[in-house]
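One structure below.
The values are calculated or read from the model by the stated rules, or taken from the named source; none is laboratory data. All figures in this text were calculated on a predicted structure; none of them were measured in a lab. Here the Cβ positions follow ideal geometry from the backbone for every residue, glycine too, while neighbour counts run over all protein chains shown. When the accessible area is computed, the model is the full protein with side chains, heavy atoms only, and any ligands, DNA or RNA have been set aside. Shrake-Rupley method; radii C 1.70, N 1.55, O 1.52, S 1.80 Å.
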Amino acid sequence: QVMPGWLSGESTRFLKSLGMPTTLHSMRATFATQAAKMTHDPLFVRDLLGHASVKTTEIYMQSSLEGAHDRLADMSSTAWSMTTNR
């Protein structure tokens, strides 16, 4: 049986020895964020991560400013179309 703290420390040291300045937790968070962006399905991501509560998973579902300009332009175009095509 392995203690979580020991595993975390050993894996971090191993990853750093490979030139990867990251942790398993960080890698898991990145996976969760990407899964959330791709699926937009908090229940699916919750199940992937094994969270007991979807509230925990929703942390990874927070909106990002990535692509904000394009999304705002799309909203503007849609709003313009709605007002001119009555």
Roughly how many Å² of Thr84 are accessible to a 1.4 Å probe, to the nearest 10?
70
Stretch gain in nm, segment Thr23-Val2, where the contour uses 0.36 nm per residue and the Cα spacing is subtracted
5.8 nm
DSSP loop GluC sites (Glu not before Pro) in region 6-73 with at most 11 other Cβ atoms within 10 Å of their Cβ, which ones?
Glu66
Could you provide, to the nearest whole Å², the per residue accessible area of the chain with probe 1.4 Å?
82
Which helices count as membrane-span-like in the chain under these terms: full DSSP H, at least 15 Å along the axis by C-alpha, Kyte-Doolittle mean of 1.6 or more?
none
Sites Thr78 and Thr39, calculated FRET efficiency, Cβ-Cβ separation with R0 25 Å, nearest 0.05
0.60
